Amino acid sequence: MDGQPTAEVRAQIKDIPIYRDSLARGHFPLLDKPEIARGFPDNWMTPALATALENGDAEFVLSTGTNHARMQIIRPPYFLLRSYYQLWSEHPDIAHTWQEGCRRVSLTTVLATEHVARVNAAKRGTAPDPSPGPTDRRLDSRTSYVNLRLDPARWERDEVLRMLGEIDAARQTHPRGWYHLDCSGYHLAHLLLKIGRWGLWDAFPPPASIIHAYEYTPVNVRRFLAQHFACPVIDLFGSTELGYLYSGDRRGRYRPHLDGMSVELLPVAPGSEIFQLIVTSVRNPYMPLVRYRSGDCVRTEGGVPDPERIVRFCGREKELLPTPHGPVAQGDLDDRIGAASPRIFLHQLRTGGDGPARLAYTTFDGAPLTGAEHTALAAGVRELTGRDCRPEHHDHLPIGASGKYAWLATGA
């Protein structure tokens, strides 16, 4: 399959300026983020879109900018939320919590919380409160956001108690005491560590289901979460501009959710079994994306370019590390770290400057690796990257401006 759009897709995009040349040539090249931004929004404008923007059926939003510059897009209001709700309502492991009317509590980046507060303030015609209260952080009748700090490692005891109180308030609205926890895996792990440190387990009601999304969740973090919860813990993959595409299940297999979409996989380098995800989607009628290079990387069963056989979302293409053995993805390093020690929490490979690479890490228990663990980690990284590595224990690793962690630092 060459990834070219079907006749049905071509009919839906025939009036969009950005696709005129491709339609005339009969061939669609890969669509990158800079091309989407060039001439925006005129390169997407049609009479139907202009009408939709005028009457509120379409809106301008920004992508999260986690691993690239923030990109302005046009989409229907609550596009991502509706995609999430559809997936939650259909997922075989957790659909029962949707059908039971569970409230959704979101524990993720402060940028997500601030976005909700801005939307609510705009509805009122006021400026957003710099410290938005619970009402300002409600996305709709079912979903609320609780985090108000960029770095969850810096949460204070009173902040944790506030969040636990809001979680319990959501729980109390359900006759069976159920709620659904939506989170970044890192943020939930930080919360569990804070709860353990301050002995607050009695204040934390266990959720009925958990989805972690927003960023790559390392093997050790998934393992740590699984040790603390008896409910399903589901991995979810998607983006602001596309909606949600795949979800994991209780056994770690991925299920596609590709309504209005098709996916092709292209190797990131000749001979590589790491594939970049190329998506054609008309799910968003106001900004359909044809052969869009999402920037995400996957591995498949058997190393074949088959979207039905994806077994791992392994990071971002812009964060691939060149090595003598070919490109290395975030997931490849993560596997080595998980094999060396389940105690490692956060990590960042620092390759800039002369001398060996440094692997900065924190642990769940706060203690450095043992001699055997240290040796296994250094050897694993050296085998993977082809360069010597010096593991370095830290009490804290900085979080990015997006509220997410970078696994690789290549500057001096």
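Looking only at residues in segment 355-396 that are in contact (Cβ under 8 Å) with a residue 60 or more places away in the chain and of a type in the set (A, V, I, L, M, F, W, C), the one that is surrounded by the most Cβ atoms within 10 Å (Cβ to Cβ) is Phe364. With of a type outside the set (Gly, Ala, Ser), under 20 Å from the mean Cα position of the chain (by Cα) and modelled with pLDDT of 90 or more as the only criterion, which of Phe79, Phe40, Phe60 stands out? Just a single option satisfies the conditions, and that option is Phe79. Among the residues of segment 269-276, none qualifies, meaning not one is in contact (Cβ under 8 Å) with a residue 60 or more places away in the chain and in contact with a Gly (Cβ under 8 Å, 6 or more places away or on another chain).
For Leu148, the requirement of being modelled with pLDDT of 95 or more, under 24 Å from the mean Cα position of the chain (by Cα), assigned to a helix (DSSP H, G or I) and surrounded by 14 or more Cβ atoms within 10 Å (Cβ to Cβ) is not met. Remark: pairs (first residue in segment 38-55, among the small types (Gly, Ala, Ser); second residue exposed (fewer than 11 other Cβ atoms within 10 Å of the Cβ); Cβ separation under 9 Å; 6+ apart in sequence or on different chains) are absent. For beta carbons closer than 7 Å, sequence separation of 6+ or different chains, a first residue in segment 219-248 that is under 21 Å from Asp332 (Cα atoms) and at pLDDT below 95 and a second that is of a type in the set (Lys, Arg) and part of a helix (DSSP H, G or I), there are no qualifying pairs.
Can you confirm whether segment 257-270 contains a residue that is among the acidic types (Asp, Glu), assigned to a loop (DSSP other than H, G, I, E, B) and within 20 Å of the chain's Cα centre (by Cα)?
There is at least one residue in segment 257-270 that is among the acidic types (Asp, Glu), assigned to a loop (DSSP other than H, G, I, E, B) and within 20 Å of the chain's Cα centre (by Cα).
Where residues in segment 336-349 are out of contact with any His (no Cβ under 9 Å at 6 or more places or on another chain) and without any contact (Cβ under 8 Å) to a residue 60 or more places away in the chain, which of them is farthest from Leu408 (Cα to Cα)? Filtering segment 336-349 for residues that are out of contact with any His (no Cβ under 9 Å at 6 or more places or on another chain) and without any contact (Cβ under 8 Å) to a residue 60 or more places away in the chain, the one farthest from Leu408 (Cα to Cα) comes out as Ala339.
Taking the listed residues Gly355, Gly371, the one that is at pLDDT below 95 and of a type outside the set (A, V, I, L, M) is Gly355, with no other qualifying.
The rows are residues; the columns are (1) in contact (Cβ under 8 Å) with a residue 60 or more places away in the chain; (2) closer than 17 Å to Ile210 by Cα; (3) outside the structural domain of Gly185 (by TED's automatic domain parsing).
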site	(1), (2), (3)
Glu59	no, no, yes
Met71	yes, no, yes
Glu114	no, no, no
Arg124	no, no, no
Ser141	no, no, no
Asn147	no, yes, no
Ala153	yes, no, no
Glu159	no, no, no
Arg162	no, no, no
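Residues in segment 97-144 that are small (Gly, Ala, Ser) and more than 24 Å from the chain's Cα centre (by Cα): 7 in all. Scanning segment 9-35 for residues that are surrounded by 12 or more Cβ atoms within 10 Å (Cβ to Cβ), within 21 Å of Thr240 (Cα to Cα) and without any contact (Cβ under 8 Å) to a residue 40 or more places away in the chain yields a total of 2. Of the candidates Gly260, Gly252, the single residue that is free of Cβ contacts under 8 Å to residues at least 40 places away in the same chain, within 22 Å of Val9 (Cα to Cα) and surrounded by fewer than 20 Cβ atoms within 10 Å (Cβ to Cβ) is Gly260. Close contacts from segment 167-195, counting a first residue that is in the same structural domain as Gly366 (by TED's automatic domain parsing) and basic (Lys, Arg) and a second that is assigned to a loop (DSSP other than H, G, I, E, B) and at pLDDT below 95, with Cβ to Cβ under 9 Å and a gap of 6+ residues or different chains, come to none at all. Of everything in segment 151-175, what is in a loop (DSSP other than H, G, I, E, B) and over 26 Å from Ala230 (Cβ atoms)? Give them in sequence order. Correct list: Asp151, Glu156.
Which of the residues belonging to segment 344-381 are assigned to a strand (DSSP E or B) and aliphatic (A, V, I, L, M)? Selection gives Ile344, Leu346, Leu349, Ala357, Leu359, Ala360.
The values are calculated or read from the model by the stated rules, or taken from the named source; none is laboratory data. Since the model is a prediction, treat every value here as computed from it, not as a measurement. Note that each Cβ is placed from the backbone with ideal geometry, even for glycine, and that neighbours are counted across all protein chains shown.
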